[in-house]
Each structure stands twice: as structure tokens, then as C-alpha cells.
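Each reported figure results from applying straightforward, stated rules to the coordinates on display, with no laboratory input. No experiment lies behind these values; they were computed from the predicted model shown. Note that we place each Cβ from the backbone using ideal geometry, even for glycine, and neighbour counts take in every protein chain shown.
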Amino acid sequence: MKKYIVIGNPIEHSLSPKLHNYWMNKNNIEASYDKKLVNEEDLEKIINEVRIKNLQGINVTVPFKKSVIPFLDELSQESKETQSVNTILLENKKLVGHNTDIAGFELALRHSNYDVTNKKTFILGAGGVVPSIIFALKKMKASKIILSNRTLEKSKELKNYFKDIEIVKWGNIPSDFDMIINATSVGLKKGDNLDLNYEKIDSNKFFYDLIYNPKETNFLKKAKQNGNKFENGKMMFLYQAHQAFSLWHKIMPDINNETIKLLD
Ligand code: ATR
């Protein structure tokens, strides 16, 4: 039987097994999909399982999206440019890393009918997924990308990669932007509060939180209270999984109300 896994640390919260097993079932694919808690030193061995065909595919989540790269033979263009891999498979005997977070974010924005073309965007955070968000925003022709991270050094590292982003110090709110994205891990724990001066943000912004569990972080609660448009990361999660599924199985599974409900 074909075997797929998602690796990360922590991994307990991951809904990938639920979603992939559901789609495999719906499409009569005989395979299993499990989650596996791993440490940095396990990466080489576990990735090699794909080369020797004990595993057919691996999804990679926090904090290994970059650290898996040395163990792969090839990277897709997107993975190369973001130095981020979330999907691994064997293609023509080569271990290839793909990045489906980019398409995931892009399709999720389209799903919410938000046209980011010519919009000024403000990203909070500089963790593993942020290069993919920047890449997608650039691809969709956002007019400006402003970024703020608690640790300034990490923002600067990103600016070395993406020269045209603008950095602001943590705690500062830019005077002019259209969309604000929470890409920090703040909100994963219920009650978590971002140290953000919400009074300085008026009500015509789009608040996007990459977190989907809990469904409504305090960041989104504030957005709602102040009359802003808002969205959580659920559709991004669904679409990145959708892209990974089609890479592995060459089938585009359905995304419908039942699929969306599955993750509630
Ligand atoms: P990684 O850096 O391993 O990819 P991540 O979970 O993707 O981890 O990223 C966590 C992000 O949330 C980082 O931008 C982190 O900021 P730092 O670079 O300063 O650590 C941010 N973050 C985590 N806790 C935070 C907090 N209490 N306040 C503000 N930002 C926080």
C-alpha cells in the first residue's frame, strides 16, 4: 500500500491526515496518510524512505520547510526562490521538493474574492511560511509589501532575499496599507494576543490570519469588532493540500462544503 506522511514538530495539531485520507477514500486510492513527529537529525533518514519507495510522499511543516532542502536532489522554481519545501515526491528517480503554500495562498485569496492587485500589504512575522506569502503577493502584483517582525534581524534577512519589501519596526503601524496578514504564531494558543495598536488601523482593511485553528484568533476578533473584512487560514490550508494531492496522485480532488466542514 502507498504511504504518505506529514512531518513537523509539533505535529499533533495537523489536520493534513484527516483531509488527505478523506480525499484518498473519495477517489478510491488505496493508501495511508499519517503524521510523524520528527527531529532535525531524523530528516535525512525519513526523506530517504521516499527514495527507496517505502514512502510515496512527504508533506513538511514547521519548522523543517527549509532544513529538508539539503537532502533533496531538485527543487521546483518556487521552492528554490523561497527556500521552502512543503511537498516531497520521487520524480524520474529524483527526490524533488515543491512548495504548494504559494498556490495555496493565492487560491485562498481568489476564493475570498479579494483582488490584491495594486494593493498595499502589511505582513506580521518572518517565519518559515513568509517567503511563500511574499512570493505569492509579488506574483499577484501587490503594489507594496511592508513587513514587521518582533526580531528585526529576521526581517532584514528576508529583505536580503526580497529587495523591494519595506521593513518597519515591531510595534509600528504603517500609515497606509490595504491588507494586513498575521503570519506569526501568535493566536495558535487560545487567548494569545498580538501586541498591536488596533486603534491606529481604520475599518476598511482586509485582515488575513494564516492560523485556522482556532477559527477566530483575537486578531480576527478585533478585525470583526472594528468592521473590517477578515479571513482565517483554512482555505489556504485546503488549497495547499489540494495542490500536494494532485502532485502525488495526478487527481484534483473536490473542494466543496463537505471538505470545508471536515476541518471545523
Ligand atoms: P520559524 O521561525 O521556525 O519558521 P514560525 O512559527 O514559522 O517559526 O514563526 C514564528 C513567527 O511568529 C516569527 O515571526 C516570530 O517572531 P520572532 O522572529 O521574533 O521569533 C513570531 N512570534 C512568535 N511569538 C511572538 C510574539 N509573542 N510576539 C510577536 N511575534 C511572535
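The 3J(HN,Hα) values that the Karplus relation (6.51, -1.76, 1.60; θ = phi - 60°) gives for the stretch 49-54 are, in residue order, 4, 6, 4, 8, 6, 6 Hz. Gly and Pro appear as x.
Using a Förster radius of 25 Å, what is the FRET efficiency between Asp264 and Ser112 based on their Cβ-Cβ separation? Nearest 0.05, please.
Values: r = 17 Å, r/R0 = 0.69.
Step by step, r from the Cβ atoms, then E = 0.90.
For the peptides 149-158, 250-259, 118-127, what is the packing order when you average, over each peptide's residues, the other Cβ atoms within 10 Å and list the highest mean first? Intermediate values should be presented prior to the final figure.
Values: 149-158: 15.1, 250-259: 11.9, 118-127: 20.2.
For the peptides 149-158, 250-259, 118-127, the packing ranking is 118-127, 149-158, 250-259.
By the rule of a C-alpha distance below 20 Å, with chain neighbours fewer than 8 residues away ignored, the aspartates and glutamates paired with Lys139 are Glu78, Glu81, Asp101, Glu106, Asp115, Asp164, Glu166, Asp178, Asp209. Taken along the Cα-to-beta-carbon direction at a fixed 7 Å, the label points for Arg150 and Asn197 span 2.0 nm.
Note the full-extension length gain between Lys18 and Ile52 as 0.36 nm times their separation in residues minus their Cα-Cα distance, in nm to one decimal.
On the way: separation 34, 0.36 × 34 = 12.24 nm, distance 2.56 nm.
So the chain would gain 9.7 nm between Lys18 and Ile52.
Mean residue ellipticity, 222 nm, helices only, the chain: the sum of -39500 (n - 2.57) across DSSP H runs of n ≥ 4, divided by residue count and rounded to 500, is -9500 deg cm²/dmol.
Here the Karplus curve 6.51 cos²θ - 1.76 cosθ + 1.60, taken at θ = phi - 60°, turns the phi angles of the stretch 25-42 into couplings of 4, 4, 9, 6, 9, 8, 6, 10, 9, 10, 9, 9, 7, 10, 10, 3, 6, 8 Hz, with x standing for Gly and Pro. Look at the dipole of the chain built from charges on Cβ: of Leu72, Ala223, Gly191, the Cα furthest out on the positive end belongs to Ala223. The phi torsions of the stretch 11-23, fed into the Karplus equation with coefficients 6.51, -1.76 and 1.60 and a -60° offset, translate into couplings of 9, 3, 6, 4, 9, 4, x, 4, 5, 5, 5, 4, 5 Hz, rounded to whole numbers, with Gly and Pro shown as x. For Val6, nonlocal amide neighbours, meaning residues 5 or more places apart or on other chains whose placed amide H falls under 5 Å from its own, are Asp34, Lys35, Lys36, Asn59. Taking label points 7 Å from Cα along the Cα-to-Cβ direction, Ser185 and Lys93 give a separation of 4.0 nm. Modelled label positions at Lys45 and Asp164, each set 7 Å beyond Cα in the direction of Cβ, lie 4.6 nm from each other. Across the alpha-carbon atoms of the chain, the computed radius of gyration and Dmax are 18.3, 56 angstrom.
Between Lys66 and Lys26, residue separation times 0.36 nm minus the direct Cα-Cα distance comes to 11.2 nm.
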